[in-house]
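Input: a single structure, listed below in structure tokens.
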Amino acid sequence: MHSMTPLGVKPKLNEEGFNKRISLLLDHEEEIVEFQTVYRRADGSLYPVEVHLQLIKDVGEPVFLAIAIDITDRKAAEEKLTKYAEELKEANEKLKSLDRMKNEFLSNVSHELKTPLVSIEGYSEAIRGEMLGVLNDKQKKAMDTVIRNADRLERLINSILYVSIEESGNMKYYFKPIQIADVINHSVLDMISQAESRGLNINNEVPDNLPLIQGDDGKLIQVMDNLIGNAIKFTPSGEITITAREDGSNLHAEVSDTGVGIPSEYIDNLFDRFYQGDGSTKRKYGGTGLGLHISKLIVEAHNGKIWAKSEEGVGATIHVTLPKKSQKPSNIN
Ligand SMILES: Nc1ncnc2c1ncn2[C@@H]1O[C@H](COP(=O)(O)OP(=O)(O)OP(=O)(O)O)[C@@H](O)[C@H]1O
Ligand SMILES: [Mg+2]
């Protein structure tokens, strides 16, 4: 039997190793054994092979049938793949470090931008309030524009700062038991004058006796301000309705409007950074496309979920679920 073995031409497989493999066949534990080894060519060069070894009985003397497949190309491909995987890993590490640098850069720039902005806003308010002298109507109008744009700039800087802090994992949350109705009432008060100036009614249908959630009220008010702000911005006429109800282990809040709605092809990307649908949204409605992204970061920090449903031309509904405060000590605080 051993005279059949190709041991002589297999520099990698010793007799013991070969015997071990064929013992599985001899003991009928396996019908075919497969292994990889190295063969030597007539010219002495080596090449990797995959061997399929089978014991053929029923033909008188049992014989071994060996199929050896040259796997030089496969091995080379595997090595290439391993090398690519390593290169990819390296590139990924580099990207992560660049991402960290970008967040630090954004955070530094935003801080630096804020300082001069505070003085621009302060002096503008003082001039508009005629603390530095009486203004004519044209000057008042001009100062209103300066103040409005400084506000916009401040909101933009705050959003960028927020995203960079959140993405670097340095955002601080202060969780405590809260009533979702308090958050929504606060937010409605924040937004009511904006809604009224556009002739929109806000129906606040949130009951004030729902189970408590464990949340950061300041951050959740920011989410609701953005959702109601969007509803106002994208609703030329009609109304905005806010509801909340208990839903299993969650509270489920909805902010619906009767506005322009969201085209179905945009729904999946709505919560991405700087996403505003097509370019026309930015031109027509302004904004930075960070509101929903920040809202998602905040909701997920509460172990909640946020998603959008809409029928174009009919309106949009943004859904938010937040886990009810458990009776047991919470793992987020
Ligand atoms: N209620 C809504 N109705 C229609 N479209 C909406 C609504 N809410 C969001 N969108 C779409 O989703 C995009 C992203 O919203 P998001 O709040 O992130 O950004 P934004 O409102 O454009 O800017 P920002 O909130 O940063 O000022 C919007 O630009 C708009 O295209
Ligand atoms: Mg917004």
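One table, with the values for the structure above:
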| quantity | calculated |
| --- | --- |
| Residues of type lysines that Lys75 reaches as a straight line, Cα spacing below 18 Å, ignoring anything fewer than 8 places off in the same chain | Lys10, Lys12, Lys83 |
| Mean residue ellipticity (222 nm) of the chain, computed from DSSP H runs ≥ 4 via -39,500 (n - 2.57), nearest 500 | -16000 deg cm²/dmol |
| Inter-probe distance in nm under a simple model that places probes 7 Å from Cα toward Cβ, at Ala126 and Arg41 | 8.8 |
| Contact order relative to length of region 1-142, as percent, for alpha carbon pairs under 8 angstrom and 6 or more apart | 12 |
| Where labels lie 7 Å past Cα in the beta-carbon direction, separation of Glu246 and Met171 in nm | 2.9 |
| Size of electric dipole in the chain: Cβ of Lys, Arg +1 and of Asp, Glu -1, about Cα centre, debye, nearest 20 | 1000 |
| Region 133-251, dipole about Cα centre (Lys/Arg Cβ +1, Asp/Glu Cβ -1), debye to the nearest 20 | 580 |
| Whole-Hz couplings from phi, Karplus 6.51/-1.76/1.60, listed for region 309-326; x for Gly and Pro | 10, 7, 10, 4, x, 10, x, 9, 10, 9, 9, 9, 10, 9, x, 5, 5, 7 |
| Furthest towards positive pole of dipole, Ala77, His293, Ala316, structure part the chain, Cβ charges | His293 |
| The chain - percent relative contact order, Cα under 8 Å, separation 6 or more | 11 |
| Chain lengthening between Glu16 and Ser197 when straightened (0.36 nm per residue, less Cα-Cα) | 56.2 nm |
| Violating pairs (Cα-Cα greater than 19 angstrom) within the set Lys219/Lys325; Lys176/Lys325; Lys138/Lys284; Lys114/Lys296; Lys96/Lys296 | Lys138/Lys284; Lys114/Lys296; Lys96/Lys296 |
| Where only C-alpha atoms are counted, convex hull volume of region 93-167 per residue in Å³ | 69 |
| Summed residue charge, Cβ within 12 Å of Asn250's Cβ, Lys/Arg positive, Asp/Glu negative | +2 |
| Debye intensity ratio in log₁₀ form over the Cα atoms of region 159-281, taken at each q of 0.10, 0.19 Å⁻¹ | -0.36, -1.22 |
| Relative contact order %, region 176-323, counting alpha carbon pairs below 8 Å whose residues are six or more apart | 24 |
| Local net charge near Pro236, Cβ-Cβ under 13 Å (Lys/Arg +1, Asp/Glu -1) | +1 |
| Order by protection proxy (mean Cβ within 10 Å, highest first), peptides 188-200, 31-43, 73-85 | 188-200, 31-43, 73-85 |
| Convex hull volume per residue in cubic angstrom - Cα atoms of the chain | 278 |
| Helix runs (DSSP H) in the chain reaching 18 Å along axis by Cα, Kyte-Doolittle at least -0.5 | 180-197, 217-233 |
| Theoretical gain in end-to-end length, Tyr84 to His186 [0.36 nm per residue, Cα-Cα removed] | 31.4 nm |
| Neighbour net charge for Glu265 - beta-carbon separation under 11 angstrom, K R +1, D E -1 | -3 |
| Amide H within-cut-off set for Leu212, under 5 Å, with H built and near neighbours excluded | Lys325 |
| Packing rank of 297-306, 150-159, where each peptide gets the mean count of other beta carbons within 10 Å, highest leading | 297-306, 150-159 |
| Packing rank of 216-223, 118-125, where each peptide gets the mean count of other beta carbons within 10 Å, highest leading | 216-223, 118-125 |
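Every read-out reported here was derived from the displayed coordinates using simple, explicitly stated rules and does not represent laboratory data. Worth saying up front: this structure is predicted, and the values here are computed from it rather than measured. Every residue, glycine among them, receives a Cβ derived from its backbone with ideal geometry; neighbour counts consider all protein chains shown.
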